[in-house]
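Have a look at the structure below, then the notes.
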Amino acid sequence: MPDNILVMTLPLPFPELKANDQPVEVRLFEGDFSVFNGAEVICSTALNPIDKDYIAQLPDSIKLIANIGVGYDNIDLAAATAKGIAVTNTPVVTEDTADLAFALILASSRQITSNEKFLRDGQWVSSGQLGNLGKTVHGTQLGIIGFGEIGQSVARRAKAFNMTILYHGPSRKSEAEIALDATYFENLNDLLAESDVISLNCSLNAHTRHIIDAEAIAVMKKDAILINTGRGQLIDESALANAMKDGHLFAAGLDVFEDEPKINDVLLSLPNVTLTPHIGSATTQCRTAMASCAIGNIIAQLEGRMLLTQVN
């Protein structure tokens, strides 16, 4: 039987852990797969790709990958399942991520980034101008792609701004439609053409990768606003950069990126693009809840109990 050994893929500030009243040994993976020998659990994050080749090198003692984050697209779920490894996530980020998504809607619409730079650069004083004009948020049409918990939470915030809620996903969600007075669009292009603001809140998979590409952007209104707090690879970033550079789309608000932490140079240079460094869950309360959820799964595995949030 394996000992109480946990391998971390990043040096996270976990407290001292115990399982079955015995201390848990914590190791850090730094590229040498021998560190996994005798271990039962890996704790990973969205920044740590765990593909089939990685999983093939793991010893049979590994029984759980406890991923910190609501998403788990960084893990080859099929390969883990085939090797008898459970995968868990931390689905406690809904409200904080929805807060940030709506913050990006407001910041992008009202051109907060460019207006702050205008002020900090002293242009308000030197030019006598009043800054850059934004767009009204209230009363507009919000198209949500991915109407799960986070998408619905964004919709609840939008209702306070009297926004009309449109949504697209693989299936209708009738109860949520009624509760939020939302309209389902089976055809994505129809939603894109109608929406003033588009918010990406879907998971990343083979069907949603580059769901926003050059063709999709061309369907959007010329003065539409695109928001992404989901996953960076939902957007073809080169296509977005080209469209923004050519003046198609009023603004964009991005918290996630296709090749993060590397950011497209064009997007970095444009004043009407609001950028944040993947901080959807970056509040003290949310990160504490995520760590607690991950630790709960880790201890459950080591003590032979049912996992809290298994996804495979």
GNM of the chain, Cα pairs under 10 angstrom: of L254, L130, L47, the biggest fluctuation goes to L130
Distance in Å, no decimals, from the C-alpha centre of the stretch 54-73 to the one of the stretch 258-280 is 29
To the nearest 20 debye, the chain has a Cα-centred charge dipole, built from +1 on Lys and Arg Cβ and -1 on Asp and Glu Cβ, of 660
Projecting the Cα atoms of I5, T288, N48 onto the charge dipole of the chain, where Lys and Arg contribute +1 and Asp and Glu -1 at Cβ, the residue farthest towards the positive end is T288
Pseudo-spin-label distance A218 to A206, built 7 Å along Cα→Cβ, given in nm, is 2.6
Across L133, L64, L106, the residue with the highest GNM fluctuation in the chain (Cα network, 10 Å cutoff) is L133
With Cα springs under 10 Å, the Gaussian network model of the chain assigns the largest mean-square fluctuation among K159, K117, K83 to K117
Per the Kirkwood formula over distinct C-alpha pairs, the hydrodynamic radius of the chain in angstrom is 21.1
Ranking G139, A101, I75 by how far each Cα lies towards the positive end of the charge dipole of the stretch 70-140 (+1 on Lys and Arg Cβ, -1 on Asp and Glu Cβ), the top one is G139
Violations at 29 Å Cα threshold for listed pairs K52/K245; K159/K262; K159/K222; K18/K83; K18/K262; K83/K262 -> K52/K245; K159/K262; K18/K262; K83/K262
With R₀ set to 22 angstrom, the calculated FRET efficiency between the beta-carbons of D32 and K63, to the nearest 0.05, is 0.60
Measuring from its Cα centre, the stretch 120-175 shows a charge dipole (+1 at each Lys and Arg Cβ, -1 at each Asp and Glu Cβ) which, in debye to the nearest 20, is 120
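Could you give the length gained on full extension between D51 and T183, defined as 0.36 nm per residue of separation minus the Cα-Cα distance, in nm?
Working: separation 132, 0.36 × 132 = 47.52 nm, distance 3.76 nm.
Length difference between fully extended and current span is 43.8 nm.
Taking 0.36 nm per residue of sequence separation and subtracting the Cα-Cα distance, how much length would be gained by fully extending the chain between R305 and R156, in nm to one decimal?
In short, 50.0 nm is gained.
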Correct response: the longest run of the chain lacking exposed GluC sites (Glu not before Pro), defined by DSSP loop and at most 13 other Cβ within 10 Å, is 31-185
Log entry: pair-distance distribution for the stretch 94-275, C-alpha pairs binned every 10 Å from zero, whole % per bin is 10, 39, 35, 12, 3, 0
Cα-based Rg then Dmax for the stretch 1-43, in Å, read 10.2, 30
Net charge (Lys, Arg +1; Asp, Glu -1) of residues whose beta-carbon lies under 15 Å from that of A56, A56 excluded, is -2
Contour minus Cα-Cα span, L130 to T81, at 0.36 nm per residue, comes to 11.8 nm
Computed about the Cα centre, the charge dipole of the stretch 94-275 from +1 Lys/Arg and -1 Asp/Glu charges at the Cβ has a magnitude in debye, to the nearest 20, of 440
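No lab work stands behind these numbers, since they all come straight from the coordinates. Predicted model, so just to flag it, every value in this text is computed and none were measured. Cβ coordinates were reconstructed from backbone atoms using ideal geometry, including for glycine residues, and neighbour counts include every protein chain displayed.
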